[in-house]
1. What per residue convex hull volume, in Å³, do the alpha-carbon atoms of the chain yield?
2. So, with a 1.4 angstrom probe, what is the percent of accessible area on the chain that is carbon and sulfur?
3. Quick one: Karplus J couplings for segment 2-18, per residue in order, coefficients 6.51, -1.76, 1.60, θ = phi - 60°, nearest Hz, x for Gly and Pro?
4. Find the accessible area per residue for segment 104-193; the probe is 1.4 Å, ligands and nucleic acids are left out, and the unit is Å².
5. Taking amide hydrogens as modeled 1.01 Å from N in the peptide plane, which residues meet the under 5 Å criterion relative to Gln28, leaving out close sequence neighbours?
6. Which whole-number percent is the relative contact order of segment 39-165 (Cα, under 8 Å, 6+ apart)?
7. Could you give each residue of segment 72-82 its phi-based ³J(HN,Hα) in whole Hz, using Karplus coefficients 6.51, -1.76, 1.60 with θ = phi - 60°, and x for Gly or Pro?
8. What list of ³J(HN,Hα) couplings, whole Hz, do you get for segment 36-46 from phi and the Karplus terms 6.51, -1.76, 1.60, once you set θ to phi - 60° and write x for glycine and proline?
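The values are calculated or read from the model by the stated rules, or taken from the named source; none is laboratory data. All of these numbers come straight from a predicted model, not from anything done at the bench. Just the protein is used for accessible areas: all its heavy atoms, side chains included, with ligands, DNA and RNA removed. Shrake-Rupley method; radii C 1.70, N 1.55, O 1.52, S 1.80 Å.
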Amino acid sequence: MNLVLFGPPGAGKGTQAKMLETERGLTQLSTGDMLRAEVASGSELGQEAKRIMDRGEFLPDELMIRMISEKIDGTPDTNGFIFDGFPRTVPQAEALDALLAEKGMPLDAVIEIRVDEQAMFERIQTRARESGGSRSDDSAETLMKRLEVYRKQTAPLLPYYEGKGALRTVDGMRSIEGVHDEIASVLDGLSKA
Ligand code: AMP
C-alpha cells in the first residue's frame, strides 16, 4: 500500500507517518528528513539546502524527484511507502505518478490532514520551543513564508488528487491518537474495497 500524507507545515504528517510505519510495516519517505540529513552531513548540497529551507522556499523539483526515486529503489523490502512532504508541487505529483506507474506500484490514497491555520501556527511555534530550536526553519518569519508557499504551490495538489478520486480528508484538529484512528479507518476501508 502506498500513501501520500498531505497537509500544511505543522499538520502532523511526520508524527502520523511514524505511527503507520510501526503498525503497518510501511516505510516513511520524508523529503524534509532527507534534506535535514544532507544538511547535517555538511555536504555542499546540504549547505545550499539549508539556505533554501531557512528561507521557507522549496528545493528544485528535479532534485526532489531524484531523491525520492533513489530512496524507492534503495528500499526493496517494504509493505509500501508513506510519502511525507512529497509531492509539494504539481510537477512533483506528475513525476510521482509516472515513477509509480513505471515501477508498477499503485498510489492507494492521498490523505489530507486538514487543520486551521492559526492552530497550525501555534503548533509549530510550540514545536520550536520544545525542540530548543533544532529546526531552524520553525522561526515565525520562515513559518509565514512556508505557509504562503504552501498556499501557492502545494494547495493546488488538492484538486489534482480530488480529480483522480484519490483524496481522503481527516480532521487534523483532533488529538494525535484521534487523527491516527481516522487515518487507520480510511486505510482499513481501502484494503476491504
Ligand atoms: P518538511 O520537513 O517536510 O516540512 O520540509 C522542510 C523543508 O524542506 C521545506 O520547507 C522545504 O524547504 C524543503 N522540502 C521538503 N520537501 C520538499 C519538496 N518535496 N519539495 C521542495 N522542497 C522540499
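1. That works out to 120 Å³ per residue.
2. Values: 4810 of 9510 Å².
Heavy-atom surface of the chain belonging to carbon and sulfur, 1.4 Å probe: 51 percent.
3. Rounded to whole hertz, the list is 10, 10, 10, 9, 10, x, x, x, x, 6, x, 4, x, 4, 5, 4, 5.
4. 55 Å²
5. Under 5 Å from the amide H of Gln28: Ile82.
6. Relative CO of segment 39-165 lands at 34 percent.
7. 4, 5, x, 10, x, 9, 8, 7, x, 10, 10
8. Computed from phi, the couplings for segment 36-46 are 5, 5, 5, 4, 5, 6, x, 5, 4, 4, x Hz.
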